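Note sheet for the following structure.
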Amino acid sequence: PNKQTAYELIGKKRLSELVDRFYELVSTHPELTAIFPDDLSETARKQKQFLTQFFGGPSIYTEEHGHPMLRARHMPFPITPSRGEAWLSCMAQALVETNIEEPLRSAILERLTYTARHMINSEEQSS
Ligand code: HEM
């Protein structure tokens with residue numbers, strides 16, 4: 001018997017709630033508002049597709065948008081180390097608030113931490 005995927009453990013409905021909560025937090029995070037669009041509905045729709053396949057579900061992101069090439073798709077946005085940490089803190093909070101329990105929560109956060117660090121493409125801005 002195969003191990004259940006993270007996608008199966010979370011379920012489609014809870015994944016959708018997770019992403020919606022995540023972007024609510026992003027939309028008010030002082031480090032993040034400058035680089036995200038005001039209307040996050042399309043961003044959330046794509047993120048639901050992406051995380052579905054990232055967590056082992058059907059490849060619905062790739063079906064609509066092609067290969068994710070995530071680092072390349074993030075190049076238009078200056079992603080500094082502190083923005084990487086801010087993104088992860090919103091995700092950590094959303095995972096808790098969506099009742100994704102341990103040990104799954106930490107396993108997911110660990111994978112996302114690795115991916116988020118890979119997206120960093122800019123130095124910290126001096127102010
Ligand atoms: C798109 C920021 C990490 C997945 C975006 C967009 C921004 C952004 C500004 C464009 C939003 C839009 O115009 O709709 C960041 C920042 C990160 C980060 C600051 C911190 C490291 C990640 C990670 C993942 C991810 C770790 C995946 C696990 C995506 C996806 C899209 C996206 C799937 C949509 C791409 C598309 O247009 O098809 N991100 N991101 N991002 N991000 Fe991130």
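Quick rundown of the values:
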| item | result |
| --- | --- |
| With at most 11 other Cβ atoms within 10 Å, longest stretch of the chain clear of loop GluC sites (Glu not before Pro) (DSSP) | 1-100 |
| Fraction in percent of alpha-carbon pairs per bin - 5 Å, the chain | 2, 10, 19, 25, 22, 14, 5, 2, 1, 0, 0, 0 |
| Dipole moment magnitude, nearest 20 debye, the stretch 6-119 about Cα centre, only Lys, Arg, Asp, Glu C-beta charged | 280 debye |
| Over the chain, relative contact order from alpha-carbon pairs under 8 Å, at least 6 apart, % | 30 percent |
| Expected 222 nm ellipticity per residue - DSSP helices of 4 or more, -39500 (n - 2.57), all of the chain, to 500 | -18500 deg cm²/dmol |
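Readers should treat all values here as calculations from the given coordinates under stated rules, not as data from a laboratory. Everything numeric in this text was worked out from a predicted model, so none of it was measured. Glycine gets a Cβ as well: all are built from the backbone with ideal geometry, and neighbour counts include every protein chain shown.
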